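Q: There's a structure below that I have some questions on.
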């Protein structure tokens, strides 16, 4: 048996044994795709196992994340900081979770599992590579020059996000993106003939991809040749359709039985017999480890040559080299003290103040990279004088994502994961439901992606209930590690951007369509998430707590209550998540526990507000969907008026008095 076949079988057996030990997992893909993974790592992938974050490495994404043991076996054999004990601990607490997780396992480039997300992440990585190459490469100095590979299965291509992402990749001619398709014609319910009959080759040809086919997924020469051909064409992304057999070598191979269940001890024995594998459990022949180590040494040499190239680059282009280092180190200016960032002279919709802030920031942060799902003129997400990223201009920083919210968010995750760029994307707030899973993964991976979400409430007006977000605020607030800002004016908008750029987690900046006033009391106070916007003399009788456009009605209600001799404090709460991170003393100074009369106001679902309203507080919120009418009419109809807020304050005060 030659060393390549022995190594491929080592990948297969290791994967199956780890799944069997865990009594949980998916052996079908690792058994069928082992030759693909082996050929990529042994012959093509540019990587340094001793430095998994080397900037110019090739990226490999396992989009079909359920096949994670394939990736873990490859990483172990090819010298990454992964041990045999880690493999034996598969799907237990440790470094080999059931689906690959970014930041948990060395060599894992992104968290995958939800099918299709990995493809879109890889598209983002390829876009980042193309943009950075356009900005920094000079003749004789290809300091950014790597490929992005992604392995997917039928499930990834059935999910709609893959269509959107691959369409984007073809339109932008991301020629250093290579998709390896494990075409085994089987899903959990059986043959793909039940549900997936399209001609995948024609689909990708229509999306302007290079299409290559490998008829025998065990033919490593054919796989090698196809990858070489894909690498040679940098004018188009490439898909390599590899005809494989799910669960190759195991009982039930070629059927759904081997997709997602351990083989059993008898199945493992049969697999080893079919592969002529006569080694003990979790035993890897020394010659296999030595063979795989050669690829690691090749990668280390490639990394050493790159570092030497960078030394020459620093001498030839010192300014560019410093700029490259600043990009990769994610350097930021002093945002809080940036000239003019908090200067707003007249009432503006917060989508407009966000545009002002974005462009002031863009003048000082050259690695901002992002755009909108065909809505930039409306959600004000474009950067002036920064050009548009395209096949013709790789240096443009604005991105035409097209009408593709599903893929846009996941592509932006990939841009951020690649390194060197600060990714943001934008759409109407109601469409964040399309983006939810990618936003969740941003939070899971601690990726500081910025989501600009405009037209934030029933204030959208005449477009009607289909475009008026109601439940979206509470939905996003329920995602751990995601900050949700809903600013009330320009200064709060600036604070939202500052928190987004300086944090280590994603941020949703939720912005109004309608014009809002500027408040003298806001300024930088919103950096704490919640603060006293307008206070009264002495201890307040009632607290009025609002976000976004409804803060205006709270301020007006404060005046009405003052006329009745009632002292009201107005609290603006642009970001609950940041407020909850403050000290207990600060939070109590803003929301005193002994002031039980409260009114919480937000033109969205009430469910975020019960912890702030307390037992005797009132909540002015949306209990159903909106309607098609001008915004002012809707605000009156649904009770978002100063008069109604003042009335609710009186009710709350009465409830507190009755209790006493």
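The values are calculated or read from the model by the stated rules, or taken from the named source; none is laboratory data. The structure presented is a predicted model; accordingly, all values stated were derived computationally and were not measured. Positions of Cβ are generated from backbone atoms using ideal geometry, with glycine treated the same way; all protein chains shown enter the neighbour counts.
Q: Residues of the range 550-578 being in a helix (DSSP H, G or I), touching a helix residue (DSSP H, G or I) at 6+ places or on another chain (Cβ under 7 Å) and farther than 16 Å from residue 535 by Cα, which ones? Reasoning before the result, please.
A: The first filter runs over the range 550-578 and keeps only residues in a helix (DSSP H, G or I), leaving 550-563, 576-578.
Then keep just the ones that are touching a helix residue (DSSP H, G or I) at 6+ places or on another chain (Cβ under 7 Å); that gives 553-554, 556-557, 560-561, 576, 578.
Matches in the range 550-578: 576, 578.
Q: Right, next: Kindly indicate the residue of the range 15-29 that is surrounded by fewer than 24 Cβ atoms within 10 Å (Cβ to Cβ) and more than 21 Å from residue 186 (Cβ to Cβ) and also nearest to the chain's Cα centre (by Cα) among those meeting that condition.
A: The qualifying residue nearest to the chain's Cα centre (by Cα) is 22.
Q: Let me ask you something else. Test each condition in (1) out of contact with any strand residue (DSSP E or B) (no Cβ under 8 Å at 6 or more places or on another chain); (2) assigned to a loop (DSSP other than H, G, I, E, B) for residue 85 and report the one that comes out false.
A: Checking residue 85 against (1) out of contact with any strand residue (DSSP E or B) (no Cβ under 8 Å at 6 or more places or on another chain); (2) assigned to a loop (DSSP other than H, G, I, E, B), the one that fails is (2).
Q: Shifting gears a bit: Residues that are touching a residue at least 60 places away in the same chain (Cβ under 8 Å), buried (at least 19 other Cβ atoms within 10 Å of the Cβ) and under 22 Å from residue 158 (Cα atoms): does the range 39-60 have at least one?
A: Yes, the range 39-60 has at least one match.
Q: Tell me yes or no: at least one residue of the range 115-124 is in a helix (DSSP H, G or I), buried (at least 19 other Cβ atoms within 10 Å of the Cβ), modelled with pLDDT of 95 or more and more than 18 Å from the chain's Cα centre (by Cα).
A: No: zero hits.
Q: Which residue out of 606, 630 is touching a strand residue (DSSP E or B) at 6+ places or on another chain (Cβ under 8 Å) and assigned by TED's automatic domain parsing to the domain that holds residue 545? Working first, answer last.
A: Details: 630 fails: touching a strand residue (DSSP E or B) at 6+ places or on another chain (Cβ under 8 Å).
After ruling out the rest, the residue left standing is 606.
Q: Something else now. Of the numbered conditions (1) in contact with a helix residue (DSSP H, G or I) (Cβ under 8 Å, 6 or more places away or on another chain); (2) not assigned by TED's automatic domain parsing to the domain that holds residue 44, residue 319 satisfies every one except a single condition; which is it?
A: Status for residue 319: all satisfied but (1).
Q: Shifting gears a bit: Within the set of pairs 6 or more residues apart or between chains, which connect a residue that is in contact (Cβ under 8 Å) with a residue 24 or more places away in the chain and outside the structural domain of residue 137 (by TED's automatic domain parsing) inside the range 379-395 to a residue that is part of a loop (DSSP other than H, G, I, E, B) and surrounded by fewer than 21 Cβ atoms within 10 Å (Cβ to Cβ) with Cβ atoms less than 7 Å apart?
A: 386/396; 389/396; 390/396; 391/173; 393/387; 395/387
Q: Here's something else I'd like to know. Which members of the range 186-216 meet the condition of being in contact with a strand residue (DSSP E or B) (Cβ under 6 Å, 6 or more places away or on another chain) and farther than 24 Å from residue 123 by Cβ?
A: 215 - this is the single residue of the range 186-216 that is in contact with a strand residue (DSSP E or B) (Cβ under 6 Å, 6 or more places away or on another chain) and farther than 24 Å from residue 123 by Cβ.
Q: Take the residues of the range 500-530 that are under 20 Å from residue 612 (Cβ atoms) and buried (at least 24 other Cβ atoms within 10 Å of the Cβ): which is farthest from the chain's Cα centre (by Cα)?
A: Filtering the range 500-530 for residues that are under 20 Å from residue 612 (Cβ atoms) and buried (at least 24 other Cβ atoms within 10 Å of the Cβ), the one farthest from the chain's Cα centre (by Cα) comes out as 522.
Q: Among what's in the range 262-276 and is in contact (Cβ under 8 Å) with a residue 60 or more places away in the chain and surrounded by fewer than 18 Cβ atoms within 10 Å (Cβ to Cβ), pick the residue that is nearest to residue 190 (Cα to Cα).
A: This residue is 264.
Q: A further question on this structure: Going through the range 148-171 one residue at a time, which ones are buried (at least 24 other Cβ atoms within 10 Å of the Cβ) and in a loop (DSSP other than H, G, I, E, B)?
A: Matches in the range 148-171: 153 only.
Q: Oh, and also: Hey, residue 299 hits all of (1) in contact with a strand residue (DSSP E or B) (Cβ under 7 Å, 6 or more places away or on another chain); (2) crowded, with 20+ Cβ neighbours inside 10 Å but one; which does it fall short on?
A: So residue 299 meets the others, but not (1).
Q: Among the residues of the range 128-138, is there at least one that is in contact (Cβ under 8 Å) with a residue 60 or more places away in the chain, surrounded by fewer than 24 Cβ atoms within 10 Å (Cβ to Cβ), on the phi < 0 side of the Ramachandran plot and not in a helix (DSSP H, G or I)?
A: yes
Q: Another one. Looking at 301, 290, can you tell me which residue is without any contact (Cβ under 8 Å) to a residue 40 or more places away in the chain and either more than 20 Å from residue 147 (Cα to Cα) or under 32 Å from the mean Cα position of the chain (by Cα) (or both)?
A: Result of the check over 301, 290: 290.
Q: Listed residues 67, 25; which is touching a residue at least 40 places away in the same chain (Cβ under 8 Å), assigned to a helix (DSSP H, G or I) and assigned by TED's automatic domain parsing to the domain that holds residue 229?
A: Only one candidate passes the filter, namely 67.
Q: Can you name the strands (runs of 3 or more DSSP E) wholly within the range 435-549 that have at least 1 residues being out of contact with any helix residue (DSSP H, G or I) (no Cβ under 6 Å at 6 or more places or on another chain)?
A: Where strands (runs of 3 or more DSSP E) fall fully within the range 435-549 and carry at least 1 residues being out of contact with any helix residue (DSSP H, G or I) (no Cβ under 6 Å at 6 or more places or on another chain), they are 450-454, 531-534, 542-546.
Q: Would you tally the residues in the range 435-453 being surrounded by 22 or more Cβ atoms within 10 Å (Cβ to Cβ) and under 26 Å from residue 385 (Cβ atoms)?
A: The number of residues fulfilling the criteria is 5.
Q: Taking residue 323 as the residue in question, decide whether it is assigned to a helix (DSSP H, G or I) and under 30 Å from residue 527 (Cβ atoms).
A: Yes; evaluated as a whole, the condition is true for this residue.
Q: Here is a further query. Going through the range 200-228 one residue at a time, which ones are surrounded by fewer than 18 Cβ atoms within 10 Å (Cβ to Cβ), closer than 21 Å to residue 245 by Cβ and free of Cβ contacts under 8 Å to residues at least 24 places away in the same chain?
A: 221, 225
Q: Within the range 172-192, is even one residue without any contact (Cβ under 8 Å) to a residue 40 or more places away in the chain, part of a helix (DSSP H, G or I) and more than 30 Å from residue 309 (Cβ to Cβ)?
A: Yes: the range 172-192 contains one or more residues that are without any contact (Cβ under 8 Å) to a residue 40 or more places away in the chain, part of a helix (DSSP H, G or I) and more than 30 Å from residue 309 (Cβ to Cβ).
Q: Can I ask one more? I'm told residue 106 meets every condition in (1) surrounded by 17 or more Cβ atoms within 10 Å (Cβ to Cβ); (2) out of contact with any strand residue (DSSP E or B) (no Cβ under 9 Å at 6 or more places or on another chain) except one. Can you identify the failing condition by its number?
A: Just one mismatch for residue 106, condition (1).
Q: Next question, about the same structure. When the range 418-434 is examined, which residues are found to be surrounded by 24 or more Cβ atoms within 10 Å (Cβ to Cβ) and not in a strand (DSSP E or B)?
A: Once the filter is applied, which keeps residues that are surrounded by 24 or more Cβ atoms within 10 Å (Cβ to Cβ) and not in a strand (DSSP E or B), the range 418-434 yields 418, 421, 429.
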